[in-house]
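S.K.: Below is one structure. I have some questions about it.
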Amino acid sequence: MTLPSLFSPLRRATATLGLAVLLGCTAATVWAQPAAAPKKELSEKVSEDLGKIKTATDLKNYAEALSIIDRLLKGAAPQSYDIAVLSQVKAQILLTQAEYTKAIDPLETAVLVSERNNYFEPKVLQELRYFLAQLYYQEAANAKTRDALQRNYAKASQYMAQWSKANTKPNPDAQLFFASLLYNQAQIDPNNVDMALIKRSQEEVEKGLEMSVRPKDAFYILLLATLQQQNQTARSAEILELLVKMAPKNKTYWAQLASTYLNLQQDLRSALTIERAQVHEAMNTPKDNFNLVGIYFNMQQYDQAINLLEKGLRDGSIDNEQRNWELLAASLQQVRREARAIDVLKEAIKSYPDSGSLYLTIAQIYYSLDKLNESYTYASQAITHKLDKPWQALTFLAYICYELKKLPEALEAINATAQYPEGAKDAERLKKAIEDAIKEREALANSPAA
């Protein structure tokens, strides 16, 4: 199932990382630290040059600001607070310039150095992890190789897992992002879907559903996708029922729900779903109407099928196709309305005058009614029209002629049947019976009068 765009990965990027706050840091910003731990303060040189960086960014001279930052980073001590802050500021400037790929390395450096040395407040770290997850997700979307796709999805999942573990406040949007990320990661190889990740995606989206009184439709769409991947058909139907209730004009939801009930072998529910959808102007195409007829026919609800077909063929809501006329005739036969079935087929001949199968079906119905002469008339016409399997019509005509004692004509028809490999074997017995009957007739004709 194809998921919609569930979020805007880099929205509010410029505002969220707090560039102005970071540029306002000074060497006086100090926290109490154990003696052995790196100090959570900026060096004198970095403090002095932050003003220059702020001036450059205010003037949108980002190249100058980045040049100053790169120079300062070269002289900064490893694992220092300088490294963490400068890397974050550099990432923010790159994000401002929409240089998302280039922003990843400095942003990741800021997170890793801060985590090791407890520099940033938990809230800031959470925001940075979230942005890293979004940046890696976007990289995955632009990946050219499967290895790059796997690598970027793995990194995105890693940071979202860290974010989720540390999260203490419900955030439905972030939860939806995490669940979607896992779902897409699971399908890197469409031929080998990672069902463990699909299950994790389901679990995360279910957590998200509990975070708001009225969850977005996207939560249910994603949950549905995970359930379908796991062949949880019954639960999929439950979710689709919710979706059609929330969005009754959505034709896709109705179609999926009807199909799901068919997969569950709940034909009546499928038929009722199509009829419910049609109230909302969905599933009302000729194809949908024909499918509804087919469901009722398979359920042996022939009267329903007849009503739909007669109406549809009359008003165009079902395609005027030969198979639809034939299905109507078959439905009528099932309820012992053979005369009406014959009338329907004769009406169909007006639209499909070259179809031998329509003539043959009429002949067969007449035969079932013991009207052999009428059956003979239409069987004779059938073989003069287009047939997919002419040997069947010829065999039937031969049999009718045999019963009507039209033996020369019967022999001619069965000999024609034998010209087809598909009909030759079955023709042998009837041909012998016809030949025996001819011999018997000739013998009687040549015998002396009593």
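The numbers here are math on the coordinates, done by the rules we state, and not lab data. Keep in mind that what you see is a predicted model, and the values were worked out from it rather than measured. So basically every Cβ, Gly included, is an ideal-geometry build from the backbone, and we count neighbours across all protein chains shown.
S.K.: Given charges of +1 on the Cβ of Lys and Arg and -1 on the Cβ of Asp and Glu, with all other atoms neutral, how large is the dipole of the chain about its Cα centre, in debye to the nearest 20?
M.R.: Once rounded to the nearest 20, the dipole reads 1140 debye.
S.K.: Given only helices, namely DSSP H runs of n ≥ 4 each adding -39500 (n - 2.57), what is the per-residue ellipticity at 222 nm of the chain, to the nearest 500 deg cm²/dmol?
M.R.: It comes out at -23500 deg cm²/dmol, rounded to the nearest 500.
S.K.: Then there's this: Read through the labelled values (i) 43, 25, 20; (ii) 82, 22, 18; (iii) 36, 24, 19 and report the label of the one computed as semi-axes √(5λ) of the Cα gyration tensor in Å from the structure.
M.R.: (ii)
S.K.: Still on this structure, please answer the following. Segment 269-329: percent of C-alpha pairs farther apart than 19 Å?
M.R.: Result: 21 percent of Cα pairs exceed 19 Å.
S.K.: Mind sorting Ser380, Ser368 by how few other Cβ atoms lie within 10 Å of their own Cβ, fewest first?
M.R.: Least crowded to most crowded, the residues run Ser368, Ser380.
S.K.: Next question, about the same structure. Given the options Ala225, Ala186, Ala65, which has the most mean-square fluctuation in a GNM of the chain, springs set between C-alpha atoms less than 10 angstrom apart?
M.R.: Answer for the Gaussian network model of the chain: Ala65.
S.K.: State the extension gain, in nm to one decimal, for the chain segment bounded by Lys425 and Lys249, taking 0.36 nm per residue of separation less the distance between their alpha-carbons.
M.R.: So the chain would gain 57.7 nm between Lys425 and Lys249.
S.K.: Okay, which of segment 218-252 sit inside 17 Å, backbone N to the point 7 Å along the Cα-Cβ direction of Lys199?
M.R.: Once the point is set 7 Å along Cα→Cβ of Lys199, 226-233 turn out to lie under 17 Å by backbone N, inside segment 218-252.
S.K.: Ranking Thr168, Thr252 by Cβ neighbours within 10 Å, fewest first, what do you get?
M.R.: Thr168, Thr252
S.K.: Okay, moving on. Please determine, in degrees from 0 to 90 and to the nearest 10, the orientation of helix 251-263 with respect to the longest principal axis defined by the Cα atoms of the chain, where the helix direction is its Cα long axis.
M.R.: Computed tilt is about 60 degrees.
S.K.: Which one, Leu292, Leu66, Leu369, has the greatest fluctuation when you compute a Gaussian network model over the chain with C-alpha springs under 10 angstrom?
M.R.: Leu369
S.K.: What FRET efficiency would be calculated for the residue pair Arg336, Ala437, taking the C-beta separation as r and a Förster radius of 35 Å, to the nearest 0.05?
M.R.: Once rounded, the FRET efficiency stands at 0.55.
S.K.: While we're looking at this one, here's another question. Please report Met195, Met283 as a ranked list, fewest other C-beta atoms within 10 angstrom at the top and most at the bottom.
M.R.: Fewest to most other Cβ atoms nearby, the residues stand as Met195, Met283.
S.K.: Moving on to the next point. Helix 372-382: angle to the longest alpha-carbon principal axis of the chain, degrees 0 to 90, nearest 10?
M.R.: The answer is roughly 50 degrees.
S.K.: In Å and whole numbers, how far do the C-alpha atoms of segment 357-403 stretch along each principal axis, longest first?
M.R.: Cα extents, longest axis first: 26, 19, 13 Å.
S.K.: Cut-off under 19 Å on the C-alpha distance; same-chain residues fewer than 8 positions from Lys432 excluded. Which lysines are left, in chain and number order?
M.R.: Lys405, Lys406
S.K.: Cα axis of helix 233-246 to longest principal axis of the chain: angle in degrees, 0 to 90, nearest 10?
M.R.: 80 degrees
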